[in-house]
Amino acid sequence: MDRVIKAARSSGSLNLSNRNLSQVPDEVYRSTSAVGDDEKWWEAVELQKLIIAHNNIESLKEELRNLPLLTVLNVSHNKLSELPAAIGELTMLKSLDLSFNSILKLPEEIGSVTSLVKLDCSNNQLKELPSSLGRCSDLSEFKVSNNVIISLPEDLANCSKLMKLDVEGNKLTILSEKLIGSWTMLTELNASKNMLSGIPENIGSLSRLIRLDLHQNKISSVPLSIKGCSSLAEIYMGNNALSTLPAEMGVLSHLGTLDLHSNQLKEYPVEACKLRLSLLNLSNNSLSGLPPELGKMTTLRKLLLTGNPLRTLRSSLVSGSTPTLLKHLRSRLSENEDAEATTTKKEDVIAMAARLSIASKELSMEGLGLTGVPSEVWESSEVTKVDLSRNSIQELPVELSSCVCLQTLVLSRNKIEDWPSAILRSLPNLLCLKLDNNPLRQIPLDGFQAAPMLQVLDLSGNAASLPEHPSFSSLPQLQELYLRRMQLREVPSDILSLQQLRILDLSQNSLRSVPVEVKNLTSLTELGLSDNDISTLPPELGLLEPSLQALRLDGNPLRSIRRTVLDRGTKAVLNYLKDKIVEA
């Protein structure tokens, strides 16, 4: 013990975990003032990191104030029933872990620790939280799960930098609109196992939310504003009282997991059949039938339906494989279901789109069967978005070059063969380019240099387009990259230098491994690896937790991770991998 404490005076870090301590040694509180005769006092440093987890400590002394430079304090898994007021004098503290104790109340003084970024109070006996926590305006990660808290103080609205909130397993009856409206940076919200009767109407303000877990509450409806949660990748709302779902959920284009088991749903909305889900759990509801359009959800790997009074499907289909069920549903679709039931002339639609673009700055000519774009549509050079998807266009119109304000160009599902370098160079403000599902020939080696400001690039379904060593490093601002169905056998090395990348989708390729260097993509929030040939994952991938919120692995012959771990979702997989890393 003496040797460890002595070493801490030179390193500034002290770890006394798992030592069966009943109290914190007095020498710890004295820090540098306890320098021995055989030590060089001028080389001693104040403690900055103190870990005393997994002991039997029942109290912390007020002398804690003698450690003013502490930035990390971990006293988890002890027998604390309270915290000393002196905690408020640790003004440099950034991370405080109080989990797995018996703390009944946090002192108001904790609000003076305004530097706090991470606070874990989970698995205690807290009935309420001090309003002073609202002064911790830098708080980014707050975990207070498995307590007996009835409500959250409104002052927490001041914690506008909050990214992860975990209030699972309490007695909350409401999440106030004031709080939700202030937490616009949230990427993860877990309020499962509470007594919530509803979801705040302004939930749509959480446009960065990736994971929403509200299972095991008393929620009866989902607000229409859910469509504003455009980043959602995982929704868990099992064990509630839902009877309907809003059609607006169908616009959540990033959603991969939707768990709605054990509710009272009577139907699944046709609009939600547009989702690109990999898991849909509708088990134990009141469904009597399914829309045949659900058969078009070909990304589904697992569709759970047991426990429903389904009368239109044979029991062997319900309990059988998902692909077989989807095929059956597709067979019930009308052969002409894709035909446009409209008498409106194409010319009128084009003219209307041109007029609307003058005011909206957006020109949409999607799905009009165009082989070229009429010159009369370019009535405004100030247009910021052009959508020409689902046509038969082979070459881009030269008029595009005059749209110098253009930020988004959608060319999905056309017949474009050549990379449009010349036009891209004339669009200095272009941020989003979607060229997926075109017969695109190989992109020139300097092709990406034509659009260096791109933040979103979709090349999916263009297997022949990438050169042997594509220079993605020419796109340093890239935040979203979609390379589905590209016949890739390995991850292009240049991708691993994209420090701002948030979404990387490499699904439906022939990847056999994931490079260790993926750990360098520290901004990554979504990683799609579905439907490849990956058998093992590098443990270093676990280092991307907690930033990586959605990891899609279905459709791979993974042998190194147990199915029970995979079924628990992204966080469980990342923590499993992290535990595999051998400490140096």
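In the range 11-34, which residue that is of a type in the set (D, E, K, R) and part of a helix (DSSP H, G or I) is modelled with the lowest pLDDT? Talk me through it step by step, then tell me what you get.
Residues of the range 11-34 that are of a type in the set (D, E, K, R), as a first pass: 19, 26-27, 30.
Okay, now just the ones that are also part of a helix (DSSP H, G or I), so 26-27, 30.
Values: ASP26: 88, GLU27: 85, ARG30: 79.
If we take residues in the range 11-34 being of a type in the set (D, E, K, R) and part of a helix (DSSP H, G or I), then ARG30 is modelled with the lowest pLDDT.
Within the range 512-529, how many residues are part of a loop (DSSP other than H, G, I, E, B) and open to solvent by 10 Å² or more (accessible area, probe 1.4 Å)? First the steps, then the outcome.
We begin by selecting, within the range 512-529, every residue part of a loop (DSSP other than H, G, I, E, B); these are 512-515, 521-525, 529.
Cutting the leftovers down to open to solvent by 10 Å² or more (accessible area, probe 1.4 Å) gives us 512-515, 522-523, 525.
Count: 7.
List the residue pairs whose Cβ atoms are under 6 Å apart, where the first residue sits in the range 373-397 and is in the same structural domain as ASN414 (by the TED database) and among the small types (Gly, Ala, Ser), the second is open to solvent by 70 Å² or more (accessible area, probe 1.4 Å) and at pLDDT below 85, and the two are 6 or more positions apart or on different chains.
Taking only residues 6 or more apart or on different chains, the pairs are SER380/ILE358; SER389/GLU366.
Mind checking which residues of the range 100-129 are of a type in the set (A, V, I, L, M) and assigned to a strand (DSSP E or B)? So that I can check it myself, show each step before the final result.
Taking the range 100-129 and keeping what is of a type in the set (A, V, I, L, M), we get 103-104, 106, 110, 113, 116-117, 119, 126, 129.
Within the range 100-129, just LEU119 meets the criteria.
For every residue, the table says whether it meets (1) closer than 24 Å to LYS218 by Cβ; (2) not assigned by the TED database to the domain that holds VAL117.
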residue	(1), (2)
VAL144	yes, no
ILE150	yes, no
PRO153	yes, no
LEU156	yes, no
CYS159	no, no
LEU162	no, no
ASP166	yes, no
LYS178	yes, yes
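Name the one entry in LEU430, LEU424, LEU435 that is within 21 Å of GLY369 (Cα to Cα) and under 31 Å from the mean Cα position of the chain (by Cα). So that I can check it myself, show each step before the final result.
On the way: LEU430 fails: within 21 Å of GLY369 (Cα to Cα); LEU424 fails: within 21 Å of GLY369 (Cα to Cα).
So the residue among LEU430, LEU424, LEU435 that is within 21 Å of GLY369 (Cα to Cα) and under 31 Å from the mean Cα position of the chain (by Cα) is LEU435.
A quick yes/no check of all residues on (1) modelled with pLDDT of 85 or more; (2) under 28 Å from GLN508 (Cβ atoms); (3) crowded, with 16+ Cβ neighbours inside 10 Å:
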{"residue": "THR306", "(1), (2), (3)": "yes, no, no"}
{"residue": "LEU317", "(1), (2), (3)": "no, yes, yes"}
{"residue": "LEU333", "(1), (2), (3)": "no, yes, no"}
{"residue": "THR342", "(1), (2), (3)": "no, no, no"}
{"residue": "LYS346", "(1), (2), (3)": "no, no, no"}
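Look at the range 441-479 and say how many of its residues are among the acidic types (Asp, Glu) and surrounded by 19 or more Cβ atoms within 10 Å (Cβ to Cβ).
Going residue by residue through the range 441-479, those that are among the acidic types (Asp, Glu) are 446, 458, 468.
Of the ones still in play, those that are also surrounded by 19 or more Cβ atoms within 10 Å (Cβ to Cβ) are 458.
Within the range 441-479, residues that are among the acidic types (Asp, Glu) and surrounded by 19 or more Cβ atoms within 10 Å (Cβ to Cβ) number 1.
Could you grab me the full set of residues in the range 139-161 that are touching a residue at least 40 places away in the same chain (Cβ under 8 Å) and open to solvent by 60 Å² or more (accessible area, probe 1.4 Å)?
LYS143
Mind listing whichever residues of the range 118-129 are open to solvent by 10 Å² or more (accessible area, probe 1.4 Å) and more than 22 Å from LEU70 (Cα to Cα)?
At the first step, the residues of the range 118-129 found to be open to solvent by 10 Å² or more (accessible area, probe 1.4 Å) are 118, 120, 123-125, 127-129.
Result: ASN123, ASN124, GLN125, LYS127, GLU128, LEU129.
Can you say whether ARG301 is open to solvent by 80 Å² or more (accessible area, probe 1.4 Å), in contact with a strand residue (DSSP E or B) (Cβ under 7 Å, 6 or more places away or on another chain) and either outside the structural domain of LEU524 (by the TED database) or under 26 Å from ALA550 (Cβ atoms) (or both), as far as the supplied structure shows? Working first, answer last.
Working: open to solvent by 80 Å² or more (accessible area, probe 1.4 Å): yes; in contact with a strand residue (DSSP E or B) (Cβ under 7 Å, 6 or more places away or on another chain): yes; either outside the structural domain of LEU524 (by the TED database) or under 26 Å from ALA550 (Cβ atoms) (or both): yes.
Yes.
Give the residue that is farthest from ILE110 (Cα to Cα), with candidates limited to residues of the range 130-169 that are of a type in the set (Gly, Ala, Ser) and part of a loop (DSSP other than H, G, I, E, B). Spell out the reasoning first.
In the first step, residues of the range 130-169 are kept if they are of a type in the set (Gly, Ala, Ser); the result is 131-132, 134, 137, 140, 145, 151, 157, 160, 169.
In the following step, the residues that additionally are part of a loop (DSSP other than H, G, I, E, B) were identified as 137, 140, 145, 151, 160, 169.
Numbers: SER137: 12, SER140: 16, SER145: 18, SER151: 18, SER160: 18, GLY169: 23 Å.
Among those that are of a type in the set (Gly, Ala, Ser) and part of a loop (DSSP other than H, G, I, E, B), it is GLY169.
So which residues in the range 43-80 are in a loop (DSSP other than H, G, I, E, B) and either free of Cβ contacts under 8 Å to residues at least 24 places away in the same chain or within 15 Å of ALA8 (Cα to Cα) (or both), if there are any at all?
Keep residues of the range 43-80 that are in a loop (DSSP other than H, G, I, E, B), which gives 44-48, 52-61, 67-71, 75-80.
Scanning the range 43-80 gives ALA44, VAL45, GLU46, LEU47, GLN48, ILE52, LEU67, LEU69, LEU70, THR71, LYS79, LEU80.
Could you name every one of the strands (runs of 3 or more DSSP E) located completely within the range 185-294 that has at least 1 residues being at pLDDT 95 or above, surrounded by fewer than 21 Cβ atoms within 10 Å (Cβ to Cβ) and hydrophobic (A, V, I, L, M, F, W, C)?
Details: elements: 188-190, 211-213, 234-236, 257-259, 279-281.
Passing ranges: none, list empty.
Taking the conditions exactly as written (within 19 Å of ASN190 (Cβ to Cβ) and open to solvent by less than 50 Å² (accessible area, probe 1.4 Å)), does LEU106 satisfy them or not?
Details: within 19 Å of ASN190 (Cβ to Cβ): no; open to solvent by less than 50 Å² (accessible area, probe 1.4 Å): yes.
So LEU106 does not fit the description; no.
Consider GLY569 carefully, then state whether it is under 21 Å from GLU141 (Cα atoms) and modelled with pLDDT under 90.
The answer is yes for GLY569.
Against the conditions (1) at pLDDT 90 or above; (2) over 18 Å from SER192 (Cα atoms); (3) assigned to a loop (DSSP other than H, G, I, E, B), where does THR312 fall short? Just the number, please.
(1)
From the list ASP418, ASP436, ASP446, which residue is acidic (Asp, Glu) and within 20 Å of SER364 (Cα to Cα)? Step through it out loud before you land on a result.
Details: ASP418 fails: within 20 Å of SER364 (Cα to Cα); ASP446 fails: within 20 Å of SER364 (Cα to Cα).
When all the criteria are applied, what remains is ASP436.
The values are calculated or read from the model by the stated rules, or taken from the named source; none is laboratory data. What you are looking at is a predicted structure, and each value in this text was computed from that prediction instead of being measured. All Cβ positions, glycine included, derive from the backbone under ideal geometry; neighbour counts span all protein chains shown. The area values use the complete protein model at the heavy-atom level, side chains included, leaving out ligands, DNA and RNA. Shrake-Rupley method; radii C 1.70, N 1.55, O 1.52, S 1.80 Å.
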